[in-house]
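A short reminder: the numbers here are calculations on the coordinates, not readings from a lab. Quick caveat: nothing in here was measured; it's all calculated off a predicted structure. Here Cβ is always computed from backbone atoms with ideal geometry, including for glycine, and neighbour counts include all displayed protein chains.
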Amino acid sequence: MVVMRAKLAVWACLIGLCCGAGSAFAQQPPANPPAPAAPATNPPTNLAVMVVDVQALLQNSKAAKMVREQIESKRAEYAKEISHQEETLRNERDALQRQQATLTADQLNTKGREFQAKVNELDRDVQAKRQALERSNADALQKIQEVMVKIITDIAKDRKANLVFQRSELVLFDQGFDVTDEVLQKLDEQMPTLTVNFVAPVAANAPDAGAGQPAAAAAKPQPQPKKK
């Protein structure tokens, strides 16, 4: 009982100190009163939202379909050229293998380096054609997107929309906000066709020991120093 009374006394002292401190703090005015808060700006009450499926527009619009057809046609053309070059190199490789028994080591090494140079040149040509196709496709799609953005902006102004989302950024939304079909219709009207301006493939230059020299000089064998 004595211990319990001692604990109760301690708790009573602590409670009294806390209450007294709270009263003392409450009686003291703050040294520097806070400045009045600035009035909060009211959010727009007429919030209007639009949703556009940009990927669908780049797949289904007339201009996008024409671009895709032209790109695929040019890709098939490049593939045919590359296949012909590969067939030529395979025939040259087979001929070189048949000549191994009749060529000296130096001759075989020389022909091997020449063949490898042709293989490397074909690799650079393939890379250049791939990059040219990607650049041509990107330039054409950029033209479509420029018209698309203008159409979306005009529709947003008509609907007094202040928020426009891409469909891919949303999980759930009311289909009444989706204006993709309206944008597609206007896009087909304003850009029914589009001709791709193909970029010419430019292969990277191979490192050459005769760099900086004219082609004829680089191909011409250099005279060997005379032995004394």
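Amide H to amide H, which residues 5 or more places from A48 or on other chains are under 5 Å from it, using H placed in the peptide plane?
N162, L163
What whole-number distance in Å separates the alpha-carbon centres of the stretch 151-182 and the stretch 67-112?
53
Provide the net charge surrounding L96, with neighbours chosen by a C-beta distance below 14 Å and charges set as Lys +1, Arg +1, Asp -1, Glu -1.
Neighbourhood net charge equals +3.
Measure of size requested: the Rg and Dmax of the stretch 106-184, with Cα atoms as the atom set and Å as the unit; please supply both.
Calculated on Cα positions, Rg and Dmax stand at 25.0, 79 Å.
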